Amino acid sequence: MSAPRAVGREVERVDGVEKVTGAARYTADLKFPRLLHVAVVRSPHPHARVLGVRTERAARAAGVRAVASGRDFPLHTGIYLKDQTVFATDRVRFVGDPVAAVAAETPEEAAAGAALVEVDYEPLRPIFDVEEGIADGAPLVHPDLGRYEVVPWIQPKAGTNVCNHLKIRKGDYEGALRRSSRVFENVFRVPQVQHVPLEPHVSVARVDLAGKVEVHTSAQSPFTVRHLLCACFGLSHGDVRVHVPYVGGGFGGKAGINLEPIAVALAKRCPGRWVRVMVDRHEEFFATVVRQGLTATLVTGVDRHGKVQAQKMHYLWNCGAYGGYGVNIVRAAGYTCGGAYEFPNVWGDSIGVYTNRPVGSAYRGFGMQEIHWALEQQMDFVACELGIDPVEFRLLNALGAGKATVTGQVLDEDAGRVDLCIRKVAAEVGMDPARQRRPYSGKGIACAVKAPAMPNDAASSVVMKFAEDATLEVLISGIDYGQGLMTVAAQFAAEALDVPVETVRVRGCPDTDLSPYDWQTVASRQTWATGNAILRAAEEIRRQLLATAAEALGVPPGELALARGTVAHAASGRSIPLARLVMGYQFPDGHAIGGPVSASASYLPEGLLFLDPETSQSAKPVAKWTFGAQAVEVSVDRETGQVTVEKVSACYDVGHVINPGLIRGQTYGGIVQGLGTGTMEELIVDTTTGRAVNASLMDYKIPSFEDVPAVLTAEFVETPQRDGPMGARGIGEHTMIPTPAAIANALFDACGVRIHDLPITAEKVWRALREKERGERERAGAAGVPAAAPAASGAIA
Amino acid sequence: MRKTITLEVNGASETAEVEVGTTLLRLLRDGLDLTGTKEGCNEGECGSCMVLLDGRPVNACLVLAVEADGARVTTVEGLSRDGLLHPLQRAFLAHAAVQCGFCTPGMIVSAVALLRDDPDPSEDAVRRALSGNLCRCTGYRQIVDAVRAAAAALRAGEGAPEPPRRAETRPTALPVREEVPA
Amino acid sequence: MPSDLDYRSPSTVDHALALMSEAPGGAFLLGGTDLLPQMRTGRRAPSVLVDLKRIAELREIRETADGGLSIGAAVPLADVETHPLVRARYALLAECVSTVGAWPLRQRATLAGNICNASPAADTAVALLAFDAVVGAVSSEGRRTLPMSRFFTGPGRTALRPGELVTDVVLPATSRGFAGSYLRLSRRKGMDLATVGVLVGRSDGELPPRYRIALAAVAPTPIRAVAAEELLEARGPKAAAEAAELAMDACAPITDLRGSAEYRREMVGVLVRRGVAMLERKARP
Ligand SMILES: Cc1cc2nc3c(=O)[nH]c(=O)nc-3n(C[C@H](O)[C@H](O)[C@H](O)COP(=O)(O)OP(=O)(O)OC[C@H]3O[C@@H](n4cnc5c(N)ncnc54)[C@H](O)[C@@H]3O)c2cc1C
Ligand code: FES
Ligand code: FES
C-alpha cells in the first residue's frame, strides 16, 4: 500500500479556478434564447378562501405569453406529506402563497400582466402562533389534512393543525421524576429565520414540442426535483430532465422543489419557450422557505449525584403554511431530543403545527440548532442550580459507547466521542472552574449531535470512467453548493486508484438524463454516501485495470498493484501507464484486449429500522451520529447590553478529516451562521397583516466581516466510523448547531442573565440586566444592605 | 427611454443601447455576458455585484448603465489574463476561501481595490474594507487570511499573475516509467 | 423602472436647473444610493434623473475665503473622509462619514445626498449639525444659504424648495478642531444603519470650551441637544450625568425594527455619558 496522497491533504477546491475567475455559471448566468420572464401573483392575505381567479385581462396584456393559475394544476405534491399544489386552489395559507403567474417577454411586461390578474378572496382568521394552532376550535390551515397522501412514518392528525407528532417513551419517566431529588422546568423559543443564500432561488423550464420537460434550477436535489415535478404534473420520470449548475448556497432552503413547479406550469402553456422564475431578495425572505419556529418546554429531574434521571421534552414546531420538509424535522427532533446525553427515562413529544406563516423547511441542522438552544441551556441551568461545573455536568451525563439514546439505541464503539470534544473545547477557551474571572466576561459551552434525517433507503450512486489520456471522470449527483463535495469526491477517487488528484475531473453539475441517481444533498450525508459509492466503484475500476494489465504483462492479477498512475508489477519492476490501459490495451501485433474502463456503484445505508409508532424505540433508527461541542468566550457591555463574542472553539468527532481546509471552512462558516441566528436573525411577521416586515437585507441582518469573533478555532477527533468512507462521517450541518446555546451560556456566566428566546439581541440583554439589577436592589433594600456589585447569580426565567 | 453609451470594459471598448433604468449590473450580465458579477440583492447590501468603476469599487446594482458612459469598468473577468490568475485569485484558492463561490468575484474585486490603497492591511483593515461584501458560507476567516497572504505576495513582488494550478498538471505529464513486454 | 424615464447629465449648474424646471417631476441624482433603491421599491418615481456628477464645480473640496471648508455636493464620501483638510480640521466629520455604509458605498454616496434624503438616521448630519455647517443652494430664484439647524423639517423632508439644488456644504472656520467621538449602536458591527448615534464634541484650546451633542435615529430628524451642551459649557464634564438626562429629554425616538423607543432613549443617556468621559480620557493621554 502506498502512502495516502489525496485524502487527508489540503487539496485545493477542484471547482475553485472556475469560481475565482467568474467562469462558474449559476442558474441565473445561463443564457436561453428568447427567454420569458415571470411575475408571480402572491396572496396578500395570510389566510383566505380563494373565490375566483380571473386571468383573461392579464393574458391579453402586451408581451404576455402565458398565464397559469390554481385550478389548472390540482395535483398535490410534497416530499413526505403531499399538502401543496403548484398554485393555491381553494385557499391561500400565507402572505406570499402563489395564486397565479404570468410569463412575458420582459420582466416589466410580466409585472404589468400580473397586476391585471384579479383574485377574489374571502379572508379567514389566520393563526400565527403554535399555541393558538393546537388550541381546540382553532381555524384549520388544512381542512383536508386527512385526505392527503403521506409516507407511513409521518403522522398527521386529521381535523387538527398537527402535521406530525412523534412520541418518545423510554423507561419510566413519571416514576423517575418522583424519585428525583431536584426538578427543573424551563421554556425556550426560537423564531422563524431565513437561510439567506447569497444566490436567491431561480428556476428555468421549457416544455418542448414533443412534450419533454427540461429544467435548470438552483437546487440541492435534482432527482427529487424530478420526482416531485412528476407528482405535480402527472408526468413520467422519463420525460423530465433536470439540470443543476453551480449553486450559490442553499443550507437546506433549496432542498426539494421551490420555484420549479411554477416555471413548468407556465412552460406547459407556451411550448418551446424557456421560462425563468426568479425571486428577488425581498421575495426570497418570505416566498421561498424559512426555518421553523420552536417553543420547547423542558423538565429535568436529577438524582443526588447530578445524573439526569428523568427528562421531558415538549416541542411545538411552527411549521408555517405547508409541511414540506418540516414534518420530518419534527420527527428528527423527536428521536434526537436527548441531544448528546444519556437520559434513562424520557417523555418526549415533538409536534408540528401548521400556521399561516411562511413555509418552514430544512435549514442547516434540520431542527437540531433549535432543540439544542433549549437543551443545552437547560443542562447549563441545571448544572448552575446544582452548583456543578457545567463541563463536569455534561461529562457526567454524556452519551458514548455502550450508552443508550432516547430511542434505546445502544451506541457502538465507533460512535464518536463527545466527551473528548467537550474536554478539548473547554480547555481551548480555558473553562477551568478555578479560573480568574473578569466582570461581564464569561465562558460557555454547548454540545451538538445530529444524525442524517432521511428515509432509510436514501441512496447515492456514482459513475467512474476514463478519458483517452487517463483523465478520471467521476459523475456524481450530489450537489456541491459550497461544502466541497466535488473536491472530496476527487480525493476519494484519487486515493483509491492512486492517481494524482489533478487528473480527476468530477462532473458535479448533474443532469438527470445522464448522471447517476442520488437521493438528495441534505442531512450531511453526501461525503459519506458518495464517498462510499466512489470507493466501491474504484474497486471495480481497479479490477478491470488489473485484469487487462495482467494479460498484457503475462502475470497473475494478484501480483499487480495500482501505483502512481500506472499498473505496476513490483516483482519485475515493470509497469504500464493507465493511458495505455483505459481504452483497452493493444499488443505489438495489433490485437487489443479490455475496453473502455468504467464502473458504477451505489451506496444505501444498511440495517436501518423504523421507529416504534407509539414509543419511537428502535435499535438503529439512523445511519450514524456526529458529536461535537463548542465553547465560547463573550464580553458584555453592561450599559448597552451588547454582547461581543470574542472567541469560539469547536471540536467534532468527524471520523476522518478528508480535507483540512474544507472542514475548517465548514466549521468557521457554521459558527458564523450560528452567530447570526444566535444574535441577530429573526424573520418578523406582523401578526395583524401576516406580512414579513423585515424582508430585505437592509432590515434582516446576517453577520458581516466585522461581526466575526476575533478568534475561531477548529479541532477534530477522529474515531473512525465503521461504515464511513475511510472512516469519515458527516459534519456540514453540525458546525452551526451549538453556537447560539454556547453564547447564551457564556452570557449567563458573564453576567447572570439568561435569554430564553432567540436571538440574543443587545436590547434583550439590556432589559434582562436591568431586571436583574432591579431585583437585586429590591432584595438588598429589603435586607437593609447596599446593592451588591453585579455578579454571576440568579436566572431570569 | 433608451440611450447609447460607450464604455471600456476589461480593456475593450463597448457600445450599448440601454434603457435609462438599466443598471450597470444588468448591462454587464445580460448585455455583455459578463456573469462573473453576481446579483445577490439589488439593494447595495451584499457586494456580490462589486466592480471597479474608474478604479473605484462600486456596487454595480446601484449604478445606472448611463452613469457609466465614458467610464472604465473592471469586472472579475478582467483580473485573470491569458489564463493566468491574479495573486488574489491564487490566494483565495490556497486558503480555502471559496465555498459556493457566489460572493467570491465581488470579494476579490473589493480586495483588489483594498490592496491598491493599502498594500499591508491589518486584519481589522481587511474586515472594515470588505464589510460591504457578505458571505453566507465561509465565516470570513479564510477570506481574511487569503487577502493578507495575497498582500504579502504582492509586496514581495510576486505580483505576476500565475497560471491556475490545475492546468499545469496535465494527465499526460504523469511521472511514469513505461516498460512494456516485447 | 418606467420605460419613459429619462436621464440627463448636464455639465453646469445652470443647465441642471433649467432641466429641472422643464421637468418638475425630475430628481437630482448624486450617488443614487438612496434614490435608486427608493425607485426600485416604488417610493419614488421621477420622470427624469438629472445627474449632477459631471458638474465640475460640484466635485471640489476647497477652502473658503474666511477659512472654512466647502464640500461640493458631488464629492463622494470616500473622498471626504480621506481628505487631508477634513481629517486635520474636522476629524469628527470624517469619523461620522466613515460609519455610512461600507467603503464601496461611500465611493458613490455623498454628503449632500445624505442630508437631502433627510433620514432621521443620517450619520453625516450629526457632524454637520454640530459644526453649524451651512448648506449652499441654488434655484431659479437665485443662490442662498441654509443653516443646518434649519435644514431638516421632518423625516424625509428638508427646507429646500422644489427644484432647488444643493451645491455644497460649508464647514465654518469657527468649527475647526473639535475633539470628540461619534458613538453608534447598531444591530451588527459591520454596515448597518444606526439604532442610536450620539456625537459628543468639544472645542479644543478655547476657554471655556464649547460642547456639541448631536443625535441620530432618535427623533424625526437628526438633532442637537442644545440644553445638554449648555449645561456642559456651564458646569463642565462633571455634569455629564445631568447632560445625559437633558439629551434624553431632547430626543423623541420611535420603536422600529432596530430598537424600541425606550431602549433608544436610554442609550442616548449612556452614550452621552460615555462620550463626555472619552473627551476626558482623550484630553489626558
Ligand atoms: C447598503 C446601504 C447602506 C447605507 N448605510 C447608511 C448609513 O450607515 N448611514 C447613512 O446615513 N446612510 C446610509 N445609507 C443611505 C445613503 O447611502 C446615504 O444617505 C448617502 O449619503 C446618500 O447619498 P447619495 O449621493 O447616494 O444620494 P442620492 O441617492 O443620489 O440622492 C439622495 C436624495 O437627494 C436628492 N438630491 C441629490 N442631490 C441633490 C442636490 N444637489 N440637491 C437637492 N437634492 C438632491 C435626490 O433626488 C434624492 O432624493 C445607506 C444606503 C445603502 C444602499
Ligand atoms: S447585488 Fe449589488 S450589493 Fe447586492
Ligand atoms: S462562498 Fe458562498 S456566499 Fe461566500
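Below, the figures for the structure above:
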{"read-out": "Meets criteria (within 28 Å of the chain's Cα centre (by Cα) and buried (at least 18 other Cβ atoms within 10 Å of the Cβ)) for A:Val117", "value": "no"}
{"read-out": "Failed item, numbered, when B:Asn10 is tested on (1) under 19 Å from A:Met278 (Cβ atoms); (2) more than 16 Å from ligand 1 (Cβ to nearest atom)", "value": "(1)"}
{"read-out": "A:Glu495 assigned to a helix (DSSP H, G or I), farther than 13 Å from A:Tyr246 by Cα and within 9 Å of chain B (Cβ to nearest Cβ)", "value": "no"}
{"read-out": "Check on B:Leu93, within 16 Å of ligand 3 (Cβ to nearest atom), farther than 21 Å from A:Pro703 by Cα and not assigned by TED's automatic domain parsing to the domain that holds B:Lys38", "value": "yes"}
{"read-out": "Conditions (1) under 27 Å from A:Gln666 (Cα atoms); (2) among the hydrophobic types (A, V, I, L, M, F, W, C); (3) more than 7 Å from every other protein chain (Cβ to nearest Cβ): number failed by B:Ala71", "value": "(1)"}
{"read-out": "Single condition B:Val98 does not satisfy, out of (1) within 14 Å of ligand 2 (Cβ to nearest atom); (2) aliphatic (A, V, I, L, M); (3) under 23 Å from A:Pro245 (Cα atoms)", "value": "(1)"}
{"read-out": "Subset of the stretch B:93-113 that is polar (S, T, N, Q) and in a helix (DSSP H, G or I) - its residue that is nearest to ligand 1 (Cβ to nearest atom)", "value": "B:Ser110"}
{"read-out": "Strands (runs of 3 or more DSSP E) fully within the stretch C:16-123 counting 2 or more residues that are within 7 Å of ligand 1 (Cβ to nearest atom), of a type outside the set (Lys, Arg) and out of contact with any Cys (no Cβ under 6 Å at 6 or more places or on another chain)", "value": "C:27-29"}
{"read-out": "Flag if A:Ala780 is in contact (Cβ under 8 Å) with a residue 60 or more places away in the chain and over 22 Å from the mean Cα position of the chain (by Cα)", "value": "no"}
{"read-out": "Positions within the stretch C:234-285 being within 14 Å of chain A (Cβ to nearest Cβ) and charged (D, E, K, R), in sequence order", "value": "C:Asp256, C:Arg258, C:Glu262, C:Arg264, C:Arg265, C:Glu266, C:Arg273, C:Arg274"}
{"read-out": "Hits in the stretch B:27-50 (condition: more than 11 Å from ligand 1 (Cβ to nearest atom) and of a type in the set (D, E, K, R))", "value": "B:Arg29, B:Asp30, B:Asp33, B:Lys38, B:Glu39"}
{"read-out": "Criterion: farther than 30 Å from C:Asp66 by Cα, within 16 Å of ligand 2 (Cβ to nearest atom) and buried (at least 21 other Cβ atoms within 10 Å of the Cβ) - qualifying residue of C:Met191, C:Met248", "value": "C:Met191"}
{"read-out": "Flag for A:Phe32 being aromatic (Phe, Trp, Tyr), away from chain B (no Cβ under 14 Å) and under 30 Å from A:Pro245 (Cα atoms)", "value": "no"}
{"read-out": "Selection status of A:Arg182, touching a residue at least 60 places away in the same chain (Cβ under 8 Å), surrounded by fewer than 17 Cβ atoms within 10 Å (Cβ to Cβ) and not assigned by TED's automatic domain parsing to the domain that holds A:Leu81", "value": "yes"}
{"read-out": "Selection status of B:Phe92, more than 15 Å from ligand 2 (Cβ to nearest atom), within 7 Å of another protein chain (Cβ to nearest Cβ) and aromatic (Phe, Trp, Tyr)", "value": "yes"}
{"read-out": "Segments classed as strands (runs of 3 or more DSSP E), wholly inside the stretch A:534-614, with at least 3 members that are more than 18 Å from A:Ala470 (Cα to Cα)", "value": "A:598-603"}
{"read-out": "Tally, over the stretch A:114-171, of residues that are of a type in the set (Val, Ile, Thr), assigned to a strand (DSSP E or B) and under 30 Å from A:Pro344 (Cβ atoms)", "value": "2"}
{"read-out": "Selection within the stretch A:698-721 - in a loop (DSSP other than H, G, I, E, B), in contact (Cβ under 8 Å) with a residue 12 or more places away in the chain and facing chain C (nearest Cβ under 10 Å)", "value": "A:Tyr700, A:Lys701, A:Ile702, A:Pro703, A:Val708"}
{"read-out": "Strands (runs of 3 or more DSSP E) fully within the stretch C:136-218 counting 3 or more residues that are more than 30 Å from C:Gly236 (Cα to Cα), away from ligand 3 (no atom under 16 Å from the Cβ) and not aliphatic (A, V, I, L, M)", "value": "C:142-147"}
{"read-out": "Test: residue in the stretch A:714-733 that is touching a Phe, Trp or Tyr at 6+ places or on another chain (Cβ under 7 Å) and either aromatic (Phe, Trp, Tyr) or modelled with pLDDT under 95 (or both)", "value": "yes"}
{"read-out": "Criterion violated by A:Gly96 - all others in (1) assigned to a loop (DSSP other than H, G, I, E, B); (2) in contact with a Phe, Trp or Tyr (Cβ under 9 Å, 6 or more places away or on another chain); (3) surrounded by fewer than 24 Cβ atoms within 10 Å (Cβ to Cβ) satisfied", "value": "(3)"}
{"read-out": "From B:Ala125, B:Ala113, B:Ala129, residue being away from ligand 3 (no atom under 16 Å from the Cβ), touching a Lys or Arg at 6+ places or on another chain (Cβ under 8 Å) and within 12 Å of chain C (Cβ to nearest Cβ)", "value": "B:Ala113"}
{"read-out": "All positions within the stretch C:76-135 that are closer than 22 Å to B:Ala129 by Cα and among the basic types (Lys, Arg)", "value": "C:Arg87, C:Arg106, C:Arg108"}
{"read-out": "Pairs, first away from chain B (no Cβ under 11 Å) in the stretch A:190-204, second within 16 Å of ligand 1 (Cβ to nearest atom), C-beta under 9 Å, six or more apart", "value": "A:Val193/A:Tyr700"}
{"read-out": "Some residue of the stretch B:39-53 being more than 16 Å from the chain's Cα centre (by Cα), more than 16 Å from ligand 3 (Cβ to nearest atom) and away from chain A (no Cβ under 14 Å)", "value": "no"}
{"read-out": "Options B:Arg116, B:Arg136, B:Arg90, B:Arg127: the member that is within 12 Å of the chain's Cα centre (by Cα) and either away from ligand 1 (no atom under 16 Å from the Cβ) or under 19 Å from A:Gln673 (Cβ atoms) (or both)", "value": "B:Arg90"}
{"read-out": "The stretch B:24-57 - residue that is farther than 15 Å from B:Thr74 by Cβ and either touching a strand residue (DSSP E or B) at 6+ places or on another chain (Cβ under 6 Å) or of a type in the set (A, V, I, L, M) (or both) and, of those, nearest to ligand 2 (Cβ to nearest atom)", "value": "B:Gly44"}
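Condition check ((1) in contact (Cβ under 8 Å) with a residue 40 or more places away in the chain; (2) touching a strand residue (DSSP E or B) at 6+ places or on another chain (Cβ under 9 Å); (3) closer than 23 Å to A:Arg754 by Cα; (4) in a strand (DSSP E or B)) across all residues:
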position: A:Asn328; (1), (2), (3), (4): yes, yes, no, no
position: A:Asp349; (1), (2), (3), (4): yes, yes, no, yes
position: A:Glu376; (1), (2), (3), (4): yes, yes, yes, no
position: A:Val391; (1), (2), (3), (4): yes, yes, yes, no
position: A:Val406; (1), (2), (3), (4): yes, yes, no, no
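The values are calculated or read from the model by the stated rules, or taken from the named source; none is laboratory data. Just so we're clear, the structure is a prediction, and the values are computed from it rather than from any experiment. Please note: Cβ atoms are built from the backbone with ideal geometry, for glycine as well, and neighbour counts cover all protein chains shown.
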